[in-house]
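Working notes, beginning with the structure itself.
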Ligand SMILES: [Zn+2]
């Protein structure tokens, strides 16, 4: 499992905080973290404990999101609706869970925090996800099989992995 951040979030505070949370997730939970920089808005990213690469929103959309069955199942909408609103790609600021084969299995569809997006936004917001994972990955996901969790399970309902 890898966590990928499509940088840079358009709000500077979100971007800086995402970098700190990813570092914490790497250090505290030994999860591989990486950055695919699709829109460079702020300065160079240094001292990051994972790969940082430059790419474009178009490449990310074609490679990671479009026609991705696993992703459509977990986000419950079409990638064209989630990331291509009125024809324009909106990917920067989102985070993705990537499996060992390199497939994106889940991705946020709202950069930033759920606050202000209405009652159903919680599970879709990038910053809320990173904060939950930094606290404990099993708040949101089974690190053994990448099944999404509600946070109150003791065992993964998909693979039976014991959640700490
Ligand atoms: Zn599992």
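Taken together, the values in this text are just the output of simple stated rules run on the coordinates, not laboratory data. Keep in mind the model is a prediction, meaning the values are calculated, not measured. As a convention, Cβ positions derive from the backbone with ideal geometry for all residues, glycine included, and neighbour counts pool all protein chains shown.
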- Query: Under a point spin-label approximation (7 Å from Cα along Cα-to-Cβ), what is the residue 159-residue 27 distance to one decimal in nm?
  - Reply: 2.7 nm
- Note on the structure: Length gained if residue 80 through residue 12 is fully extended, taking 0.36 nm per residue and subtracting the Cα-Cα distance, is 21.9 nm
- Mean Cβ neighbour count within 10 Å, used as a protection proxy, ranking 127-138, 50-61 highest first: 127-138, 50-61
- Query: Rounded, prolate or oblate: which fits the stretch 1-142 when a ≥ b ≥ c are the square roots of the eigenvalues of the alpha-carbon gyration tensor, with rounded for a/c under 1.5 and prolate only if a/b beats b/c?
  - Reply: rounded
- Item | Gyration tensor (alpha-carbon) shape descriptor, the stretch 61-131, a/c threshold 1.5 | oblate
- Task: Using Cα pairs closer than 8 Å and at least 6 residues apart in sequence, work out the relative contact order for the stretch 27-157, in percent.
- Result: 16 percent
- Taking the Cα-to-Cβ direction at residue 46 and at residue 103 and moving 7 Å from each Cα, how far apart do the two end points lie in nm? 4.0 nm
- Calculate, for residue 54 and residue 136, the FRET efficiency according to 1/(1 + (r/R0)^6) with r their C-beta to C-beta distance and R0 45 Å; round to the nearest 0.05. 0.90
